[in-house]
């Protein structure tokens, strides 16, 4: 692996961390791509190649994991939790939750209580993979030889400045 | 019976850069820095806790062949390796201090949990670091 790829991985990780920090806010792909110093399309392609899933799917799992936490730990209504974690419609939240977790939010709440695992380990290790599994990751791994990442295109600082605002 | 954790390793891409981050930014102190042939035994530790060292190790021969080292570097920069957890008495104060020292790669700002307040940060290479301020437990008065 070249130094260039290492640096690019690190930039993508920085962008993924930015998504993690602002998981409840609307996904601004241009702003997140700017963190990695690439265009939107390049970011989505590269993110999938490096992390095995699209940024959208990553954020969905992040939000659903937090909603699982809130369902377990609080008495907040499911609608409030849906908006707390960044979904804008109860229907989309319930559908996504069920697709990823395998049961409805209300069924999940009934079946699960508070946990003693520290929060940072919950966030990392208890994030649901979803019933579809890690399909896109396997697709990447099963494509020999692995495709090289596209070349890095640096976005001018002037145009990034406005996009960084979330 | 095992009594204590003595040394654990963190994989880094550059030992000097790692030393600068862990000591000058994060606030640890340099432990061992000994050159033995081509190998540099470099450790950092929590100030005052000389019994537990973190060895900063760089992937590559003779521990790994180049192909394995490349895989390891990829995992480091993807943030896919495990991290370390430190304890502090003032996580919010430390958060401000880290920002003043130029640290920007926070994975999580200080947040309250049932066990205390913690935050997350990455080292320059992608390794995850958690810093926890444990919740104080009220001890019952003994008669």
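The values are calculated or read from the model by the stated rules, or taken from the named source; none is laboratory data. Since the structure is predicted, the reported quantities are computational estimates derived from the model, not experimental observations. Cβ atoms come from the backbone with ideal geometry, glycine included; neighbour counts cover every protein chain shown.
Within segment B:112-130, track down each residue that is over 19 Å from residue A:16 (Cα atoms) and surrounded by fewer than 22 Cβ atoms within 10 Å (Cβ to Cβ).
Taking segment B:112-130 first, the residues over 19 Å from residue A:16 (Cα atoms) are B:112-118.
Within segment B:112-130, B:112, B:113, B:114, B:115, B:116, B:117 meet the criteria.
Which of the helices (runs of 4 or more DSSP H) contained wholly in segment A:1-108 include at least 3 residues that are closer than 26 Å to residue B:123 by Cα and within 14 Å of chain B (Cβ to nearest Cβ)?
Working: elements: A:3-21, A:29-35, A:40-51, A:55-73, A:78-84, A:90-101.
Helices (runs of 4 or more DSSP H) meeting the threshold: A:3-21, A:40-51, A:55-73.
The conditions of being modelled with pLDDT of 95 or more and crowded, with 16+ Cβ neighbours inside 10 Å are met by residue A:94.
Among the candidates B:31, B:27, B:93, the residue that is surrounded by 12 or more Cβ atoms within 10 Å (Cβ to Cβ), away from every other protein chain (no Cβ under 12 Å) and over 17 Å from the mean Cα position of the chain (by Cα) is uniquely B:93.
Please go through segment B:53-72 and give me each residue that is under 23 Å from residue B:28 (Cβ atoms) and within 14 Å of chain A (Cβ to nearest Cβ), ordered by number. If the condition is that a residue be under 23 Å from residue B:28 (Cβ atoms) and within 14 Å of chain A (Cβ to nearest Cβ), then B:58, B:59, B:72 are the ones that fit. List the number of the failed condition for residue A:110; all other conditions in (1) touching a helix residue (DSSP H, G or I) at 6+ places or on another chain (Cβ under 9 Å); (2) modelled with pLDDT of 60 or more hold. Condition not satisfied by residue A:110: (1).
Residues checked against (1) more than 13 Å from the chain's Cα centre (by Cα); (2) surrounded by fewer than 21 Cβ atoms within 10 Å (Cβ to Cβ); (3) on the phi > 0 side of the Ramachandran plot:
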| position | (1), (2), (3) |
| --- | --- |
| A:12 | no, no, no |
| A:16 | no, no, no |
| A:30 | yes, yes, no |
| A:36 | yes, no, no |
| A:45 | yes, yes, no |
| A:48 | no, yes, no |
| A:57 | no, yes, no |
| A:62 | no, yes, no |
